[in-house]
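The values are calculated or read from the model by the stated rules, or taken from the named source; none is laboratory data. Nothing here was measured: the structure is a model prediction, and the numbers come from that model. Cβ sites come from the backbone with ideal geometry, for glycine too, and all protein chains shown count toward neighbours.
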Amino acid sequence: MTIASPKSPRALLKALREVLAQKAGAQARLDRVAQLVGGSMAAEVCSIYVLRADELLELAATVGLNPNAVHNTRLRLREGLVGTVADAARPLNLTDAPAHPNFAYRPETGEDPFKSFLGVAILRGGRPRGVLVVQNQIERHYAEEDVEALETVAMVLAEMLAATEFLEMRGAQGTAAEPGLPLTLKGTALAPGIATGTALLHEPRVRITKLIADDAESELARLEDAVAALRQSIDQTLRRDDPLFLGTPLEVMETYRMFAHDKGWLARLQEAVRSGLTAEAAGERVQNETRAKMMRHRDRYARERYADLDDLANRLLRHLTGRAGAEADIDGEIVLVAHHMGPADLLDYDHTKLAGVLVEEGTASSHVAIVARALNIPMLGGLRDIADQVAPGDQVVVDAELGELHVRPQAQLITAFRQKLALSEERRARFEALRDVPAETADGVHVDLLLNAGLLFDLPHLGETGADGIGLFRTELQFMVSRTFPRLTAQTELYAEVLNAAGEKPVTFRTLDLGGDKILPYFDAAKEENPAMGWRALRFVLDRPGLLRYQLRAMLASAAGRELRLMFPMVSEVDEFIRARSLVDREIEWRQRHGYDLPSSIRVGCMLEVPSLAWQLDALLPITDFLSVGTNDLLQFLFAADRSNARVTDRYDFLSPAVLSFIRHVAARAERNGVPVTICGEAAGKPLEALALIGLGIRSLSVPAAAIGPVKLMVRSLQVGEVEPFIGSFLERPDRSMRSELKAFAEENGIML
Ligand code: PEP
Ligand code: MG
């Protein structure tokens, strides 16, 4: 049969539409697509490879290659040029394909005479589903329009392949679990806690039934209307009066507004419509590109920005398909399941009904995780293909303590979890009862229990937990959830709001601790080999004093008439502290010169996170108002073990003679000089570690909100008079850890851990 060869992309799409409309079987339709594309692009070969469930790419249709190779030639992902295209999810355009290092010759295909090669990935949801290839004998460089046309066809193919009749072809063994059977998946805890509930798919995939437009002009108009409606709905969300929307998370949502108004995004959508797609298909095509980029990107922050764009594309699709604002009919405890989810999406749900959140991607520093933690909703990430593994209505158990997800669990497991949940609720109730009692040991020694915070969402925890104040306010979080450097007024307002919420309780602001794993999406810092030991924290702001002075100015203004406590992170030598402190003095002078009120008192402290500083205590202690030991960083430098590298981070124990005698040294010197010391790393929030710290003479701990109750319970059950000699006896020992002995000691002495 001869097939007319459509020449323009639009004509090709039109011809494809006819193929799609035909009643022919799956194979016949694939063959027709290969013929149409080959003809349209003047290619001697057009082949379609389909990714099977066993991850093999199978030649499913071809014109130009040996027909006997169809369903016989298979390649692994990353094997040959086809495997390379699928793996990288990027087009490969080669004039001399056999010269490419990944070229893998398959004699059965008879492809040896073909020199030039253009392959594009068939993507669905950003994942490869196959590869579409054209080849020619001459050395031809395919034009950019050819690449785009092939990508558009690939998108149509992705929809065709998703149809059930192709499943057979894609290999017998499915990757997804058998429906109905229990399944346990390992994930990463992004927000702590345990939950059981019914799965609800966040935005079940919008199925696009019509891919090819009848009339490009009216599609463009539809697209523009939908984008306008999307912008309007985002503006409305931003205006909502809910206290949850106050402050920083609002800035998070501002990023959507900026993306929604991004000209490049709109231009890509319009371009896709002009090539003959419907507005929905254009939305999906642009979304696919974004997802593919997102999956390729190794940089966490870039991935999070792409996730925002992905989220926006979903919203656009819902506007186009008339499903915007259709809030799920939530009844009872719901566990949301999402491929990706933006913070605004999470806030769209009635959070009182949400028991948990599960996402495929996501990191603890992603916006949505920050919001989930602030709302106290357990959240797991790192769950590959989660939306395929869980069906709406499935019972799930989210264990964000162990980082596990149980899907359709057996009855005994649900019962066990209900007990665990009841136990943790019982514990929580016990902690709540402790809220207003002091953190005082059984022999009458007071321990200050302070909160680690960083966003406005954290402030209600002060009252809820009965913490004695905020011992560490990580100011960089505000910078990390903003799209641009927060202005002076935004910083001043945030700090003032924190101080207002704290009332009489003290707040210690830490100046910007950027660098290391805390990267600003809008600040293009050079890549470093060892960022944790690189140009970060105080080093960074001493080289950019304008940034630090700005922040100090905001802090001084926010605390006018009341006490201001601030401290500098990652001080490595006393000279750095002196230089930073002199900037505080300059800002005080500036305010005085301009006749502005000053804080009633100003206390400037130093974080001790770099071991070198412990050998300059004689010089440091007389000039600092307090010390705050950041054990997260301290341990990584003390043991030379990267805190973000899972292979080494737990290799050395906090409860080791090295760490304990180090802290003992610092605590004793500080006490002699009358300088208060707080420990503010994660270790301080673990009851056993906190017990050891108290035994070393520490009387102030700054911990995450969830740790206040457990640590207070432990404090109230111990006798300092017994703990101190026990810990002291351990400092010179050769053992690697005193964990088990300390546990046994706690048990014998009735200390509640
Ligand atoms: C620390 O290093 O212990 C600390 C409190 O600071 P951060 O975790 O923010 O680096
Ligand atoms: Mg630190």
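Looking at this structure, is residue 2 among the polar types (S, T, N, Q), surrounded by fewer than 21 Cβ atoms within 10 Å (Cβ to Cβ) and either at pLDDT below 90 or not in a helix (DSSP H, G or I) (or both)? Judged against the criteria, residue 2 is a match.
Restricting attention to the range 565-597, the residues being away from ligand 2 (no atom under 16 Å from the Cβ), in contact with a helix residue (DSSP H, G or I) (Cβ under 6 Å, 6 or more places away or on another chain) and of a type in the set (A, V, I, L, M) number 3.
For the range 36-72, a residue qualifies if it is assigned to a helix (DSSP H, G or I), without any contact (Cβ under 8 Å) to a residue 60 or more places away in the chain and surrounded by 21 or more Cβ atoms within 10 Å (Cβ to Cβ), and exactly one does: 36. Consider the range 678-693 and keep the residues that are outside any helix (DSSP H, G or I) and within 11 Å of ligand 1 (Cβ to nearest atom). The one that is nearest to residue 627 (Cα to Cα) is 678. Taking every residue in the range 465-480 that is farther than 17 Å from residue 567 by Cα and in contact (Cβ under 8 Å) with a residue 40 or more places away in the chain and pairing it with any residue that is within 13 Å of ligand 1 (Cβ to nearest atom) and of a type in the set (Ser, Thr, Tyr), at least 6 positions away or on another chain, the pairs with Cβ-Cβ distances below 9 Å are 467/702; 480/365. Screening the range 497-550 for residues that are assigned to a helix (DSSP H, G or I) and within 16 Å of ligand 1 (Cβ to nearest atom) and picking the one that is farthest from residue 258 (Cα to Cα) gives 533.
Could you look through the range 631-651, keep only residues that are closer than 27 Å to residue 745 by Cβ and either away from ligand 1 (no atom under 16 Å from the Cβ) or touching a residue at least 40 places away in the same chain (Cβ under 8 Å) (or both), and pick out the one that is nearest to the chain's Cα centre (by Cα)?
Per the criteria, the residue is 632.
Counting just the residues of the range 624-657 that are polar (S, T, N, Q) and farther than 19 Å from residue 689 by Cα, which one comes out nearest to ligand 2 (Cβ to nearest atom)? Among them, the one singled out is 644. For the range 721-731, state whether one or more residues are in the same structural domain as residue 466 (by TED's automatic domain parsing), of a type in the set (Phe, Trp, Tyr) and modelled with pLDDT under 95. Checked the range 721-731: at least one residue is in the same structural domain as residue 466 (by TED's automatic domain parsing), of a type in the set (Phe, Trp, Tyr) and modelled with pLDDT under 95.
Does residue 84 qualify as being polar (S, T, N, Q), at pLDDT 90 or above and surrounded by fewer than 20 Cβ atoms within 10 Å (Cβ to Cβ)? No, not satisfied. Go through the residues of the range 718-726 one by one and say whether even a single one is closer than 21 Å to residue 625 by Cβ, in a helix (DSSP H, G or I) and more than 16 Å from ligand 1 (Cβ to nearest atom). Scanning the range 718-726, I find no residue that is closer than 21 Å to residue 625 by Cβ, in a helix (DSSP H, G or I) and more than 16 Å from ligand 1 (Cβ to nearest atom), so the answer is no. Checking the stated criteria, residue 660 turns out not to satisfy the condition of being within 15 Å of ligand 2 (Cβ to nearest atom), closer than 22 Å to residue 702 by Cα and assigned by TED's automatic domain parsing to the domain that holds residue 732.
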